[in-house]
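Notes follow the structure.
The values are calculated or read from the model by the stated rules, or taken from the named source; none is laboratory data. Not measured: the values here are computed from a predicted model. Neighbour counts run over all protein chains shown; Cβ positions are idealised from the backbone, glycine included. Ligands, DNA and RNA are excluded from the accessible area calculation, which covers all protein heavy atoms including side chains. Shrake-Rupley method; radii C 1.70, N 1.55, O 1.52, S 1.80 Å.
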Amino acid sequence: MARTDGSTSSGRTRSARSSSAPTAFGRPLPDVLLDGGSLVRETLADGIDAVAVALTPGVEGDHGAQPGEGAAEAAALYGIDLAEIADRAGLTGAAGESYVLQLPRAVGSAVQLPWAGLPPRIVLLGVGSRTHTHLRRAGAALARAARGLERVVTTAGVQPRQSASQVAESARAFVEGYLLAAYAPPTAGATSLRPPAALVLLGRDGTRANAAVAAARTAAAATWLVRDLANTPASTKTPAWLADEASRLARDAGLTVTVQGPRELEALGFGGLLAVGSGSASPPRLVTVTYRPAGADHGQHVVIVGKGITFDTGGLSIKPREAMVPMKTDMAGAAVALATVLGAAAAGVLHSVTAVLPLAENHFGAASYRPGDVLRLYGGTTVEIANTDAEGRLVLADALAWADATLDPDVLIDVATLTGAASLGLGRQHAALYGDASLVGSLAAAADASGEPAWPMPLVEEYEEAVHSDVADLRHVPSDKHIGGGSITAALFLRHFVGERLWAHLDIAGPARSSKDVHEVTEGATGYGARLLLQYLADLR
């Protein structure tokens, strides 16, 4: 197999030039600057397009929003009753609420307006009760209000009598929300994207605040990368293209990368991955990217396997047209795994992390695999096929069995847009989380902390019969439709391929895509999962 990055076709591993952790990856994010000063005329110099101040909900018995941090100072500077403006606009101070007050310019040199020389816009920004969730929403609202501007300054999120750690945590939540909502998908059109506005945080500086902002940037960069890759059209994003992108990003980050092509996969016995990709003109790949921290102690080895179906027609069990439209995002799990290992390197995580990306296009053609086929997966397990549109669990099973046999992980996690049942049961905000209790608990805590919610689900032993086959070791979808629990039975199937490893399965079919912008979530591919896994790695001891 010919390669475009200079490596050979033998699947050999090649280490890049440096082991130092990078500071950024993917597309550049907006600048975020910290300024320990307060809201005075000197901090609002030329180049600031807007100043954002906080509103909070009224206390019991009060109606409407109440002035929050920076509102009194802004009112004095501008000579405007901002509380009255908020009341006229019907603002409540709820998290994620925003109102942009556009200030007029004077007509004639004889007229001197109080806000002359100040930014011509004031953003009234609801911060709710200032929880991390509310601050992320406030940051997201400011990003959308500031679209088309060059620089915005804000005091939102600053509270009196906070410790340095609390100030840093609040700053991280606000900045994360801002950066996540500042995202716009790349376009192939003639109009270039205008860079998002730079953000200046007043009243925050110091080592902890700077570290918190750096962590927010790493998390947001990982999410942006997942969104960019998942939003890329399948006409571009073949398995070979995605493998090359992963290789380029890994090399740039100084990580170790291996790419296996069809010949290597056949020799190794990847019967599931090869069968799923057999109907496509673009053959499958298996990409492995590894980060090891500096020093002799590499901590625990966390392996993340991500489903990488670059487009899913359903194969011979073909999808309806409407269901096929968003299927360019069916490789979101692989993008999450890749972004997580890159983010771990950027953050200097103390544990080794390996991303395993089984990449294929589930198309149909003369060589397509069929319902009724029996496949032999990596390691020798045979699987009866009943539905070629349940291809994700086949490529994951191959990759999980291979990771168990060859990578010696301490922790094994798979992430996938796997089942419609997960989104039917939990909606579009929560992922379904399965696996060993201790690992599920740690991932659930990371989900809460990161703002990417996941719901622990049971591995119902009575449903094990769903994966029984009379003609093979396993059946990959139930023969008895009355069993139900499609997300559960998929997880039970995958459990057969993880050996004795500490394992968790994250079904992100619901939250991986969104039909509209909602707070820090953007329309299209959401990037869900990268922040959760980076938080888990940061907390892992």
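A few notes on this one:
- Rounded to whole Å, sorted largest first: equivalent-ellipsoid semi-axes of segment 388-498, Cα gyration tensor: 23, 19, 12
- Applying 1/(1 + (r/R0)^6) with R0 = 35 Å to the Cβ-Cβ distance of Ser479 and Ala445 gives a FRET efficiency near 0.40.
- Temperature 25 °C, viscosity 0.890 mPa s: under these conditions the Stokes-Einstein estimate for segment 111-169, based on its Kirkwood radius over C-alpha pairs, is 182 µm² per second.
- Volume per residue for segment 318-378 equals 124 cubic angstrom (convex hull of Cα atoms).
- Applying 0.36 nm per residue to the separation of Ile318 and Ala45 and subtracting their alpha-carbon distance, the gain on full extension is 92.3 nm.
- Taking every alpha-carbon pair within the chain, the share separated by more than 34 Å comes to 41 percent.
- Histogram of C-alpha separations across segment 461-518, 10 Å bin width, %: 20, 42, 26, 11, 2
- Per residue solvent-accessible surface (Å²) - segment 398-505, probe of 1.4 Å: 42 Å²
- Normalised by 2.2 N^0.38 Å, with N the number of residues, the alpha-carbon radius of gyration of segment 217-356 equals 1.09.
- Antiparallel bridge percentage (DSSP; both residues within the chain; nearest 5): 45 percent
- Each listed q (0.16 Å⁻¹) maps to a log10 I(q)/I(0) for segment 180-252, found by the Debye formula over equal Cα scatterers with no solvent: -0.79.
- Cα-based equivalent ellipsoid of segment 144-228: semi-axis lengths in Å, sorted from largest, via gyration tensor: 27, 15, 9
- Ordered from longest to shortest, the equivalent ellipsoid semi-axes for segment 43-169 are 25, 17, 13 Å, each the square root of 5 times a Cα gyration tensor eigenvalue.
- Structural size metrics of segment 39-113, computed from C-alpha coordinates, are Rg and Dmax of 14.0, 47 Å.
- Only Lys, Arg, Asp and Glu carry charge here, each on its Cβ (+1 for the first two, -1 for the last two); on that basis segment 374-427 has a dipole of about 140 debye about its Cα centre.
- When Rg and Dmax are taken over the Cα atoms of segment 333-418, they come to 15.3, 48 Å.
- Zone residues, segment 196-235, relative to Glu150, backbone N less than 15 Å from point 7 Å out along Cα-to-Cβ: 196-200
- Of the trypsin sites (Lys or Arg not before Pro) in segment 158-216, the ones in a loop by DSSP (not H, G, I, E or B) with at most 12 other beta carbons within 10 Å are Arg161.
- Hydrophobic, long helices, defined as DSSP H runs whose alpha-carbon span along the helix axis is 24 Å or greater and whose mean Kyte-Doolittle value is at least -1.0, occur in the chain at 164-181, 207-231.
- Panel values: segment 115-267, Kirkwood radius from alpha carbon pairs, Stokes-Einstein at 20 °C and 1.002 mPa s, translational diffusion coefficient 118 µm²/s.
- Local electrostatic count, Asp436, Cβ distance below 11 Å [Lys/Arg +1, Asp/Glu -1]: +1
- log10 of Debye I(q)/I(0), alpha-carbon scatterers only, for segment 67-106 at 0.26, 0.32 Å⁻¹: -1.05, -1.30
- Seen from a random direction on average, the alpha-carbon convex hull of segment 207-291 projects onto 7.1 square nanometres.
- Expressed as a whole percent, the accessible area of the chain that falls on carbon and sulfur atoms is 52 (1.4 Å probe).
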